[in-house]
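Step one of this worksheet: look at the structure below.
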Amino acid sequence: MAHSVKVFLTPDEMAQNFATILIKDLDRVEPDHFYTIALSGGSTPLQLFRYLSEEYAERISWEKLLVFWGDERCVPPDDDDSNYRMAYENLLQNVPIPDANIFRIRGEDDPATEARQYSELVSSVVPFYNGTPQFDLLLLGLGNDGHTASIFPQSISLFNSPRLFDVALKPQNNQKRITATGRIINNASKVWFMVTGKEKAGIISHIIEQRSGFEKYPASLVNPSSGHLVWMLDREAAGNLKSL
Ligand code: 6PG
């Protein structure tokens, strides 16, 4: 797994780095072209979203961004569990991004139908590379059980689904999810894990240092063919890494 690891003193420093690189990427977007980003869910991106809202609402060319999600809970968009709601309330409603540039996963719809329809939507909007839609940037989080997006160890075979987006099940509560599969994840131009907090230090070192049994974690299968995989960690999440 070719990757790089960046450790930041604080989540805000990580967000600053994220914004700096995003601005450089957007500056290279040609007129009438867009930059496609797939957001991760969970709580980690919350600090990033709030930082971008407070510090970069006027400093990023938001209109150049097309926003998608790497996964979504099968709940309505106003549900507390909705990844879309979290991103909208903490970022998207606070920055000048056109509504037409936001492509949420319809968590309120039948999961199998929406997995298919979102796959078709992404295929119709996101440029292809290697016969598959290629996000310019795909963000991922990491669960303590080594899941990423909504691919959990109990259903790691989903990573190799022939579909672009598929239906997953969170084992702890049997909540249905829609998730990007390995076809989408490993075809992205850039893949960034964003992981913070000391409770993630164990799983981070297990996967990054490829300790015994690491292959059972879905996150260990993330290996974009572009070669651009970055683990963005705060010091706490990086706390168990030897090679730093
Ligand atoms: C989701 C996410 C999931 C998340 C990890 C980490 O919908 O929950 O996509 O993969 O990134 O579970 O979650 P935290 O950021 O809350 O630790």
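Laid out as a table, the results:
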{"read-out": "Pairs, first more than 18 Å from residue 104 (Cβ to Cβ) and near the ligand (Cβ under 10 Å from one of its atoms) in the stretch 30-53, second open to solvent by less than 40 Å² (accessible area, probe 1.4 Å) and in a strand (DSSP E or B), C-beta under 8 Å, six or more apart", "value": "44/194; 44/195"}
{"read-out": "Close pairs (6 angstrom Cβ cut-off, 6 or more residues apart or separate chains): buried (at least 24 other Cβ atoms within 10 Å of the Cβ) in the stretch 131-155, acidic (Asp, Glu) and modelled with pLDDT of 95 or more anywhere", "value": "149/71; 150/71"}
{"read-out": "Condition met for residue 81 (farther than 21 Å from residue 33 by Cα, charged (D, E, K, R) and out of contact with any Ser or Thr (no Cβ under 9 Å at 6 or more places or on another chain))", "value": "yes"}
{"read-out": "Leading residue by the ranking (farthest from residue 190 (Cα to Cα)) among those in the stretch 203-242 that are in contact (Cβ under 8 Å) with a residue 40 or more places away in the chain and among the small types (Gly, Ala, Ser)", "value": "239"}
{"read-out": "Residue count, the stretch 148-190 (criterion: among the β-branched types (Val, Ile, Thr) and either in a loop (DSSP other than H, G, I, E, B) or within 13 Å of the ligand (Cβ to nearest atom) (or both))", "value": "6"}
{"read-out": "Inter-residue pairs, beta-carbon under 7 Å, first hydrophobic (A, V, I, L, M, F, W, C) and in the stretch 169-181, second open to solvent by 60 Å² or more (accessible area, probe 1.4 Å), 6+ apart", "value": "169/176"}
{"read-out": "Residue check, residue 22 within 14 Å of residue 137 (Cβ to Cβ) and either open to solvent by 10 Å² or more (accessible area, probe 1.4 Å) or more than 14 Å from the chain's Cα centre (by Cα) (or both)", "value": "yes"}
{"read-out": "Residue match in the stretch 110-129 (condition: at pLDDT 95 or above, among the basic types (Lys, Arg), away from the ligand (no atom under 16 Å from the Cβ) and more than 24 Å from residue 33 (Cα to Cα))", "value": "yes"}
{"read-out": "Hits in the stretch 130-145 (condition: within 11 Å of the ligand (Cβ to nearest atom) and part of a loop (DSSP other than H, G, I, E, B))", "value": "141, 142, 143, 144, 145"}
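This table checks each residue for (1) aliphatic (A, V, I, L, M); (2) within 16 Å of the ligand (Cβ to nearest atom); (3) buried (at least 18 other Cβ atoms within 10 Å of the Cβ).
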| site | (1), (2), (3) |
| --- | --- |
| 57 | yes, no, no |
| 62 | no, no, yes |
| 68 | no, yes, yes |
| 77 | no, yes, no |
| 85 | no, yes, yes |
| 94 | no, no, no |
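The values are calculated or read from the model by the stated rules, or taken from the named source; none is laboratory data. Predicted model only: the values in this text are computed from it and were never measured. Using ideal geometry, Cβ is built from the backbone for each residue, glycine included, and neighbour counts are taken over all protein chains shown. Side chains are part of the model used for accessible areas, which takes the heavy atoms of the whole protein and leaves out ligands, DNA and RNA. Shrake-Rupley method; radii C 1.70, N 1.55, O 1.52, S 1.80 Å.
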